[in-house]
Amino acid sequence: MKSLITGGAGFIGSHLAEKLLDMGQEVYIVDNLWTGRLENIAKIQKKKNFHLVVETILNESVMNELIFKVDHVYHLAAAVGVRNIMDHPVETLDINVKGTETVLRLANQFKKKILIASTSEIYGKHIDHTLSEDDNRVMGSVKKRRWAYACSKTLDEFLALAYYDEKKLPVVIARLFNTVGPRQTGRYGMVLPNFVQCALLGKPIPVYGDGTQSRSFTHVSDVIDALTKLMAEPKAEGDIFNVGNDKEVTIKDLALKVKEMTGSHSEIEFISYEKAYGPGFEDMERRCPNIDKIREIIGYNPTKNLTAIIQSVIDYFKE
Ligand code: UDP
């Protein structure tokens, strides 16, 4: 079995590459190293069944050749991180819209099964219940840049389902909730690596807003396990699945837990959204998945709790 991972030098992609190699697959990755890093794949780069192509997914001839070669495509390449998305709106839309369009069109040309990594961001501003796959989306104004990411990924989902319905392309859509673990950097705004790094360095731990907003975090090992199982399950084709953890924590409590687990003397510093991201930024108050559907189809059950998750990130940064 041969698989291609777009964005394979990224945080999630590199863990997925390791897992597929362990499963005995031949793995090709394509990554333009915008946010992907060679150090993420240092451990596997010399392996016989591993092939790296440093290129953008917008390069059609390269993508044509790669997709032709493989059996499965895991499409993970996308703009990453709220900070990055706020700073690079054009690149975000380009890679998420044109990039996915290219990958889907070529996958369809050779009828190669494809898994699209989507995002919980597309649910938008829901607060009152856990999020199910068929829920409405609650988007903010077009003037608020954050929502461009959600809308571009929504378009990706529409296109993937259209290819499934109209062209019989086998596709699966995985909506990832906040995924964390070793190799994720705080550089693009992600909260947990940022908190852990600040705590270990004795710098103030920056909580944006009042810290009452909540998230549910999933360890990357649980996420990639789900991705490989969704890819292998024929009944998942043409459908959308939440991949997350339904245990919630407020960002303030997360900061306190990181402080406690690192034994840090860092202060917890509250910073306004405006100062953190610029004027008019809208955050999600709450984002927690309903995971009944994925549980049912592949027996998914996240194995790592918040303490284990935070510990793995602490260990990574200490190393
Ligand atoms: N956040 C924070 N401090 C940081 C980074 C993020 O308080 O250094 C907050 C952010 O405003 C959001 C939550 O943590 O409420 C999760 O942010 P992240 O960017 O990791 O993911 P999101 O769920 O917003 O995509």
(message) Tell me whether region 216-223 contains one or more residues that are modelled with pLDDT of 95 or more, away from the ligand (no atom under 16 Å from the Cβ), under 16 Å from the mean Cα position of the chain (by Cα) and over 24 Å from E282 (Cβ atoms).
(response) yes
(request) Could you list, in sequence order, all residues of region 263-305 that are in contact with a Ser or Thr (Cβ under 8 Å, 6 or more places away or on another chain) and among the hydroxyl-bearing types (S, T, Y)? (result) T303
(request) Kindly indicate whether R105 is surrounded by fewer than 22 Cβ atoms within 10 Å (Cβ to Cβ), within 16 Å of the ligand (Cβ to nearest atom) and over 14 Å from S152 (Cα atoms). (result) no
(request) Of the conditions (1) touching a strand residue (DSSP E or B) at 6+ places or on another chain (Cβ under 8 Å); (2) free of Cβ contacts under 8 Å to residues at least 60 places away in the same chain; (3) surrounded by fewer than 17 Cβ atoms within 10 Å (Cβ to Cβ), E60 clears all except one; give me its number. (result) (1)
(message) Please pick out the residue among G36, G81 that is within 16 Å of the ligand (Cβ to nearest atom) and not hydrophobic (A, V, I, L, M, F, W, C).
(response) G81
(message) Among the numbered criteria (1) at pLDDT 95 or above; (2) within 18 Å of I95 (Cα to Cα), which one does W34 miss?
(response) (1)
(message) Go through (1) buried (at least 19 other Cβ atoms within 10 Å of the Cβ); (2) within 21 Å of the chain's Cα centre (by Cα); (3) more than 10 Å from the ligand (Cβ to nearest atom); (4) assigned to a helix (DSSP H, G or I) for V258 and report which single condition fails.
(response) (2)
(request) For region 90-113, name all the residues that are more than 20 Å from G8 (Cβ to Cβ) and within 18 Å of the chain's Cα centre (by Cα). (result) L93, V97
(request) Would you tally the residues in region 151-167 being surrounded by fewer than 21 Cβ atoms within 10 Å (Cβ to Cβ), in contact (Cβ under 8 Å) with a residue 12 or more places away in the chain and of a type outside the set (S, T, Y)? (result) 7
(request) Could you grab me the full set of residues in region 168-215 that are touching a residue at least 40 places away in the same chain (Cβ under 8 Å), within 11 Å of the ligand (Cβ to nearest atom), polar (S, T, N, Q) and not in a strand (DSSP E or B)? (result) N178, Q184, Q197, T212, Q213
(message) Quick check on region 264-291: of everything there that is of a type outside the set (K, R) and free of Cβ contacts under 8 Å to residues at least 24 places away in the same chain, which residue is farthest from the ligand (Cβ to nearest atom)?
(response) P279
(request) Among the numbered conditions (1) modelled with pLDDT of 95 or more; (2) more than 16 Å from the chain's Cα centre (by Cα); (3) surrounded by fewer than 19 Cβ atoms within 10 Å (Cβ to Cβ); (4) more than 16 Å from the ligand (Cβ to nearest atom), tell me where H129 comes up short. (result) (1)
(request) Would you please list the contacts, defined by Cβ atoms under 9 Å and residues six or more apart or on different chains, that run from a residue in region 104-124 that is over 17 Å from D239 (Cα atoms) to a residue that is within 14 Å of the ligand (Cβ to nearest atom) and assigned to a helix (DSSP H, G or I)? (result) E121/V82; E121/R146; E121/W147; E121/Y149; E121/A150; E121/K153; G124/W147; G124/A150
(message) Given the criteria modelled with pLDDT of 95 or more and among the hydroxyl-bearing types (S, T, Y), does T185 qualify?
(response) no
(message) Whether any residue in region 136-150 is in a helix (DSSP H, G or I), in contact with a Ser or Thr (Cβ under 7 Å, 6 or more places away or on another chain), surrounded by 17 or more Cβ atoms within 10 Å (Cβ to Cβ) and of a type in the set (S, T, Y) is what I want to check.
(response) yes
(request) May I ask you to say which residue of K235, K275 is at pLDDT 95 or above and basic (K, R)? (result) K235
(message) I'm told R295 meets every condition in (1) part of a helix (DSSP H, G or I); (2) touching a His at 6+ places or on another chain (Cβ under 6 Å); (3) among the basic types (K, R) except one. Can you identify the failing condition by its number?
(response) (2)
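The values are calculated or read from the model by the stated rules, or taken from the named source; none is laboratory data. These figures come from a predicted structure and were not determined experimentally. Heads up, the Cβs are rebuilt from the backbone with ideal geometry, glycines too, and the neighbour counts pull from every protein chain shown.
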